[in-house]
Each structure stands twice: as structure tokens, then as C-alpha cells.
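Written out below as C-alpha cells is the structure these notes cover.
Read-outs throughout are calculated quantities, based only on the coordinates presented, and are distinct from any laboratory measurement. Bear in mind the structure is a predicted one, so any value in this text is a computation, not a measurement. Methodologically, a virtual Cβ is constructed for each residue, glycine included, from the backbone with ideal geometry; neighbour enumeration extends over all protein chains shown.
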Amino acid sequence: MTSSMSTVLLIGATSGLGEGFARRFHTLGKHLIVAGRRQDRLSALQQSLGSRVDARQLDITDFAALPGKVDELLKTFDIDTVFINAGIMKSPSFADASTQSNEDIIDEINTNLTAPIVLARLVVPYLIERAKAGKHANIVFTSSGLAYLPMGPYPVYCSAKAGIHAFCVALRQQLKPTGAQVNVIEIAPPYVDTTLDADFRDRLNAIMGGKAPKPMLFNEYMDATMRQLESGEASKLKEVATGSSQVRVNEWRGSLGKLLESMGIDA
Ligand SMILES: NC(=O)c1ccc[n+]([C@@H]2O[C@H](COP(=O)([O-])OP(=O)(O)OC[C@H]3O[C@@H](n4cnc5c(N)ncnc54)[C@H](OP(=O)(O)O)[C@@H]3O)[C@@H](O)[C@H]2O)c1
């Protein structure tokens, strides 16, 4: 699949999985446009990778600025792959309203669900045009294993990520009749060792008596995921999952995915 990617806009590339993907894609010779809010980390990444890297400071929840910023990117670069990886995770308790504000909920939904969908609105017509001109066109979303199997400590996050999975399935259906080969890929990571849950990992582990699930090692995740991305044919890849996420995706594909197929829907 990565052979269909030459110029990748990677949103949420300043740390964790996004930075990992940026480094791996760069090693494969891709041109990267890395984006995120933290300018210092964008600059450090750009400096460390050297050539073939551009960077843009971007807050995907700044909905007023987003159309202009996306337009500039699409006009400046020959982007064939838009990879929307940015995400945040909180662990509020709905039994105790003081653990979150309304703004926390809105921020978590906006970052993890609304913004990716708004970005899709802004880039999909461009990707359709590319595909119709015989060029590669991919849109990649990062969901989560928690999209398929929600867990109590992350009620808002799980809801948003389930929305991303649903959106990917629906978007494939919308694109089909256009005849344009725009590949919609959902990356569904399991629990991986990044700073995503840094604010509450120790607290949750303590609540669980030290028995919280252990995250997958970062490089183990990147190796397994890149293997799938490199070997899979772009038009056939749908969900890219590994470890506990793979089990969940297989369950979905084997049951509800089959139900869609029985309705004549290839999504
Ligand atoms: N680690 C896991 O266990 C796991 C499991 C399943 C799914 N995921 C998903 O994987 C993705 C990456 O997470 P991670 O684990 O690598 O965590 P991370 O290290 O915290 O990375 C999150 C990335 O999202 C960016 N981001 C957050 N809010 C943003 C905003 N408003 N605008 C632009 N960029 C924003 C951050 O950049 P700035 O802060 O610089 O803006 C950062 O680059 C997320 O979508 C996450 O939900 C992670």
C-alpha cells in the first residue's frame, strides 16, 4: 500500500504513533508534510529528518482556520495521502461531574471525531479529482481498538473513536458510486506505549490494583503495522489492526461486515 503513497500529509505527527509513522514513511523515501500544534516538536522532527519534510502548525479544532489552512496545503503540495492521526484521550467519571467540564467533553469529541470528519469534507473532493485523473489518492484515519470494544475509563473517547470507524465504513460506501479509487484506510491501534494516557495511566493502574493492561511496545506496534501497510494492496486495505485490535476488527468484519456484504454493500 505504501507504494501508492508519495506525498503524505500527516496530521498529528509531533509525538507518539504519528511521529513514528512520519519516521517510518520518511525512511521509505516519502515526502512528508507533518502537522500538529506544537511548533517546537515540528521543528525538531523536521531537523532530525532533514530532507523531504515540510511542517505546518495546525490545530484541527480551530474550525474557522481549517478551510484556509487545508486549501493552502492542497495548493502547495502534490498530496496523495491525507493521514488524520491526531487524537487526545481523557478519563473522566460520569459519576462525578467535577472530573470534567462541558468544554472537556466538547474538546475530546471535536479533536477525535468532529475535526477528522470536517477534514474529510475539505479533502475528499480533492482526492476524488486526483483519483479520476488516474493518480493515487488515500485518506487514512486513526481510530482505536476501543472503537470496537468500549471500556469504562474512556467513555467519551470510545464514543468518538466508534464514530471514526462508522465514518470510514460510510465514506467507502459514498465513494463507490463516484467511480474514483480513493482508498479509505482505518488504522485501529491496540493499547500502545505513548504519552496519550500519561495524565492518568498511573491512577488507573492503582485503581485496578496494579493489574491494568500493559501497552504494546512502541516499536513492536510500528513494525507490525508498517508490515501490513507495505504488503497490503491499497484498494483492499480497510482496517489495519494488530494485537487486541486485530481480534476486534476480525469480529466486526466476520459479523457486521458480513451483514453489510449480504446487503450487497462492499465497505
Ligand atoms: N497510544 C495508544 O494506545 C492508542 C491506541 C489507539 C489509538 N490511538 C490513537 O492514535 C493517535 C495518536 O495517539 P498517540 O498514542 O500517538 O498519542 P500522542 O503521542 O499524544 O499523539 C497525539 C498527536 O495528536 C496531535 N493532536 C492532538 N490534538 C491536536 C489538535 N487539536 N490539532 C492537531 N494535532 C493534535 C498531537 O500533536 P500536538 O499536541 O502537537 O497538537 C500529537 O501529535 C490518536 O488518534 C490516538 O487516539 C492511540
Quiz item: Here are some pairs, K90/K214; K30/K238; K30/K132; K214/K236; K75/K132; which of them have Cα atoms lying more than 27 Å apart in this structure?
Solution: K214/K236
Exercise. Once you have the Cα-Cα distance between E251 and D202, take 0.36 nm times their residue separation minus that, and quote the gain in nm to one decimal.
Key: 14.6 nm
Quiz prompt | the chain, relative contact order [Cα under 8 Å, separation at least 6], % | solution = 19 percent
Exercise. Quote the convex hull volume per residue of the chain, based on C-alpha atoms, as a whole number of Å³.
Key: 134 Å³
Quiz item: Between D78 and S51, how many nm apart are label points set 7 Å from Cα along the C-beta direction?
Solution: 1.6 nm
Quiz item: Based on Cβ point charges of +1 for Lys and Arg and -1 for Asp and Glu, what charge dipole magnitude is obtained for segment 169-267 about its Cα centre, in debye rounded to the nearest 20?
Solution: 260 debye
Self-check item: Sum of side-chain charges, N110 neighbourhood, beta-carbon under 14 Å (Lys, Arg +1; Asp, Glu -1)
Solution: -3
